[in-house]
1. Which of the residues that make up region 24-48 are at pLDDT 85 or above and of a type in the set (S, T, N, Q)?
2. Step by step: first the residues of region 60-86, then only those that are over 17 Å from the mean Cα position of the chain (by Cα), of a type outside the set (A, V, I, L, M, F, W, C) and surrounded by 15 or more Cβ atoms within 10 Å (Cβ to Cβ), then the one that is nearest to V43 (Cα to Cα). Which residue is that?
3. Could you tell me whether any residue of region 60-70 is assigned to a loop (DSSP other than H, G, I, E, B) and either touching a Phe, Trp or Tyr at 6+ places or on another chain (Cβ under 9 Å) or under 15 Å from V100 (Cβ atoms) (or both)?
4. When you go through E129, E137 one by one, which is the residue that is at pLDDT 90 or above, more than 18 Å from P41 (Cα to Cα) and among the acidic types (D, E)?
5. Out of the residues in region 81-104 that are outside any strand (DSSP E or B), of a type outside the set (A, V, I, L, M) and modelled with pLDDT under 80, state the one that is nearest to L56 (Cα to Cα).
Amino acid sequence: MARIWYCLALSSTLLVGCAITQSVKPVARFDGAQVCIVVNPAVSQKGFLETYTRVLREKGYSVKQLQPGSAVSDCPVTSTYTANWRWDLGLYMAYADIKVFNNGQQSGAAVYDAMSGGANMKKFIRGEEKIAELVQELFPGRAAVRTQ
């Protein structure tokens, strides 16, 4: 009987540390169609910025990239981002945080966090697909523009 309780306690402990969370606070509606993105050189995966830019353009926004360290008040609508990847049987996006500012005030945010993913195999997502999902939820107000 003691072995059963030990196994249950161990299993419960392992599962508690396997959380993957995601939260999105959509951007409030804003005038204009341009989103400025402050480039983050600490994000080593170029695919993050490329995917973020592509999805915004598909939604009908024009995108202007700002130099690292630019102020969020440099454009009417400005976004910052950070992300990192980890290695565990393969490279996976462990964390992403996108913030959007309207006239210098935070207007929306999206966070994906698999840092405590542990043995949870759902952490092995395609980074580009997760980024696209976050951006779609973060900017719900515009319909996708068909490109040919």
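1. Filtering region 24-48 down to residues at pLDDT 85 or above leaves 24-27, 33-43, 47-48.
Correct list: Q34, N40.
2. S70
3. Looking only at region 60-70, we keep the residues that are assigned to a loop (DSSP other than H, G, I, E, B), and these are 60-61, 67-70.
Remaining after also requiring either touching a Phe, Trp or Tyr at 6+ places or on another chain (Cβ under 9 Å) or under 15 Å from V100 (Cβ atoms) (or both): 61, 70.
Within region 60-70, one or more residues are assigned to a loop (DSSP other than H, G, I, E, B) and either touching a Phe, Trp or Tyr at 6+ places or on another chain (Cβ under 9 Å) or under 15 Å from V100 (Cβ atoms) (or both).
4. Working: E129 fails: at pLDDT 90 or above.
So the residue among E129, E137 that is at pLDDT 90 or above, more than 18 Å from P41 (Cα to Cα) and among the acidic types (D, E) is E137.
5. Taking region 81-104 as the starting set, the residues that turn out to be outside any strand (DSSP E or B) are 88-90, 103-104.
Those left that are additionally of a type outside the set (A, V, I, L, M): 88, 90, 103-104.
With the extra rule that they be modelled with pLDDT under 80, the set shrinks to 88, 90.
Details: D88: 31, G90: 28 Å.
Only one residue fits best here, namely G90.
The values are calculated or read from the model by the stated rules, or taken from the named source; none is laboratory data. A quick note: this is a predicted structure, and the numbers were derived from the prediction, not measured. Neighbour counts run over all protein chains shown; Cβ positions are idealised from the backbone, glycine included.
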